[in-house]
Ligand code: AHG
Ligand code: MN
Ligand code: MN
Ligand code: MN
């Protein structure tokens, strides 16, 4: 009968986190609490994005951030929501955000042991068109004895305790991973207000003939970059060229790449010699997700992205990431 079709074996994010925590007898529950605050921030941001057109939240805020981007109203609101969630959970000592010039220290959070980096809205140029955007985050654990300094977050991604991103698309998706662990995908069920585990142990397909890059920048690319992308437009072993897919929101292009495979790139070029995407809250968290899902991520010098440590909090890097075999092909062109 119909009732047999209803799935009652549901793993919510809350349950997932509780069960993960139980695997570590020494865990204090602080990280779990931090994740609860994170998921509240995601739900709030998703809610405002969905209502933006109705409540006059489209358009520019009239300011720009330190990396030179014009801030949208929703960049500012989402940043405030994210910061307040991190402050109020009491477990975060310091925070770096794309929308904040300097590191924010939560000095009231006594005994807080985590440092968080975030891109409150990734893809914000797409907001007013209703195209998918998301939030990217990376979480570091403070070294023993530290009460939180800028150095505690100027770390290579390889040291990230956890990272992930959301995508506010046709549905709200959350992708979460921890150091050396699997990647798990959750879908927000608006009816019950919970993230539900829908994509356990996400693994990138080994290869897929899809490339994702802002090809309008090819004028500024070096020869290696042009040669690589041109090669994808030639007949491959099956006689067909690659398909091109570029949304212009890294979270959405990354999410598709995780599920379907392929390669996503924002190479360094003559216009942006250090690349466009920022290491702490764009490149490193994505690289951890992609590696833990069986893919690869490198910078424009073909260095493992997770080994790149920024000097300053808003430093950038070129990035290539995707399926294992596609990345081997990329590296072949840059030898
Ligand atoms: P953000 O909206 O957080 O500033 O990030 C924008 C990023 C990223 O989402 C996307 O991959 C890329 O910028 C798109 O850049 P172009 O418009 O230059 O293609
Ligand atoms: Mn921006
Ligand atoms: Mn971004
Ligand atoms: Mn952003």
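What follows is calculated from the coordinates using simple rules that are stated; it is not laboratory data. The model shown is predicted, which means the values in this text are computed figures rather than measured ones. Positions of Cβ are backbone-derived with ideal geometry, glycine not excepted, and every protein chain shown enters the neighbour counts.
Structural remarks
- Sites residue 28 and residue 272, calculated FRET efficiency, Cβ-Cβ separation with R0 35 Å, nearest 0.05: 0.25
- In degrees, nearest ten, helix 30-51 long axis to first principal axis of the chain (Cα): 70
- Applying 0.36 nm per residue to the separation of residue 84 and residue 54 and subtracting their alpha-carbon distance, the gain on full extension is 8.4 nm.
- Relative contact order of the stretch 275-330, taken over Cα pairs closer than 8 Å and 6 or more residues apart, is 44 percent.
- Protection proxy ranking of 9-18, 245-254, 297-306 - average other beta-carbon atoms within 10 Å, highest first: 245-254, 297-306, 9-18
- 0 to 90° range, to nearest 10: angle between helix 73-89 axis and the chain longest Cα axis: 50
- What the Cβ-Cβ distance of residue 234 and residue 107 gives, at R0 = 51 Å and to the nearest 0.05, is a FRET efficiency of 0.30.
- Debye equation applied to the C-alpha atoms of the stretch 93-193, log10 I(q)/I(0) at 0.15 Å⁻¹: -0.72
- Whether the chain is rounded, prolate or oblate, judged on the alpha carbon gyration tensor where a/c under 1.5 counts as rounded: rounded
- Distance from the alpha carbon centroid of the stretch 222-287 to that of the stretch 141-169 works out to 25 angstrom.
- Value at 222 nm in deg cm²/dmol, rounded to 500, when DSSP H runs of n ≥ 4 in the chain each add -39,500 (n - 2.57): -8500 deg cm²/dmol
- Net lengthening on full extension, residue 8/residue 304 (0.36 nm per residue, minus Cα-Cα): 102.4 nm
- Computed lengthening from residue 244 to residue 203, 0.36 nm per intervening residue step minus Cα-Cα distance: 12.6 nm
- Scaled against 2.2 N^0.38 Å for its residue count N, the alpha carbon radius of gyration of the stretch 1-102 is 1.44.
- DSSP bridge analysis restricted to the chain gives an antiparallel fraction near 85%, rounded to the nearest 5.
- The stretch 138-227 shape via C-alpha gyration tensor axes, a/c threshold 1.5: oblate
- Angle in degrees between helix 250-260 and the longest Cα principal axis of the chain, rounded to the nearest 10: 80
- FRET efficiency, 1/(1 + (r/R0)^6) with R0 45 Å, evaluated for residue 335 and residue 312 via beta carbons: 0.90
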